[in-house]
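Have a look at the structure below before the remarks.
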Amino acid sequence: MVITPDEFEALFQSYYTQVYRRLYYLLGERAAAEDLTQEAFLKLHHRPPREKNNLSGWLLRVATNLAYNHLRGEERRRCREEGQCREEIGVIPLEEAVMRSQEARLVHQCLSKMPPRDRVCLLLKNDGYSYAEIASVIAVDKHSVGTILARARRQFAGLYNESEGSGDRVSRRGPSSNLS
């Protein structure tokens, strides 16, 4: 398949936000998400898929693979540094906006502890993707998506409840982020 410059520009405009958002959720770093989003579109430009159908799924699959590779590299780096990285802890103001920010951080921390495939499955379902679309992105049979999703929801709920330090269970709808 050949993509003309005008088609590429239209695809970039249509899918940039979606690809960036997915990478940001997976990585939690704006700079890395921006870099990998650009890399995903470079792959589209240099080696487009054979067929034009489901370009969104193809781009998300490429982005997910780039994120997996990035996360593997980060994990290796962390292992080499043996605990030299420290998490920053911010001051906790009482304002509602900051509380929402803290919940978002908590959700992101929980997501970052999950296996990448489970995390991607959960995020895609939360964004309204069908089982078939999710299966295409994470490269599994569509009949496996339900099992992966159920496991991801249980794991997220457990991590969220553990991180929050409460005995209350997260509902099926989850915290306000609606992830579990």
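The values are calculated or read from the model by the stated rules, or taken from the named source; none is laboratory data. These figures come from a predicted structure and were not determined experimentally. Here the Cβ positions follow ideal geometry from the backbone for every residue, glycine too, while neighbour counts run over all protein chains shown.
Being of a type in the set (S, T, Y), in a helix (DSSP H, G or I) and touching a Lys or Arg at 6+ places or on another chain (Cβ under 8 Å) is a description that does not apply to T37. Scanning segment 108-126 for residues that are touching a helix residue (DSSP H, G or I) at 6+ places or on another chain (Cβ under 8 Å) and more than 21 Å from H70 (Cα to Cα) turns up just one, K125. Look at (1) within 18 Å of Y68 (Cβ to Cβ); (2) at pLDDT 90 or above and you find that S136 fails only one, number (2).
Being touching a helix residue (DSSP H, G or I) at 6+ places or on another chain (Cβ under 8 Å), among the small types (G, A, S) and either at pLDDT 85 or above or not assigned by TED's automatic domain parsing to the domain that holds L23 (or both) is not true of S130. Of all residues in segment 3-10, one or more are aromatic (F, W, Y), modelled with pLDDT under 90 and in a helix (DSSP H, G or I). Between L36, L11, the distinction of being surrounded by 15 or more Cβ atoms within 10 Å (Cβ to Cβ), over 15 Å from the mean Cα position of the chain (by Cα) and not aromatic (F, W, Y) belongs to L11 only. Looking only at residues that are modelled with pLDDT of 85 or more and hydrophobic (A, V, I, L, M, F, W, C) in segment 56-88, which one is nearest to R105 (Cα to Cα)? Across segment 56-88, the extreme among qualifying residues is A67.
When restricted to residues that are of a type in the set (A, V, I, L, M) and under 17 Å from P5 (Cβ atoms), segment 27-57 contains 3. I'm trying to understand the selection: among the residues of segment 89-125, which are modelled with pLDDT of 85 or more and either in contact with a Cys (Cβ under 7 Å, 6 or more places away or on another chain) or of a type in the set (S, T, N, Q) (or both)? Hits for segment 89-125 are Q109, S112.
Regarding segment 126-133, can at least one residue be identified that is of a type in the set (A, V, I, L, M, F, W, C) and crowded, with 19+ Cβ neighbours inside 10 Å? Even if it seems obvious, please write down each step before you answer.
Going residue by residue through segment 126-133, those that are of a type in the set (A, V, I, L, M, F, W, C) are 132.
So of that shortlist, the ones also crowded, with 19+ Cβ neighbours inside 10 Å come out as none.
The answer is no; no qualifying residue exists.
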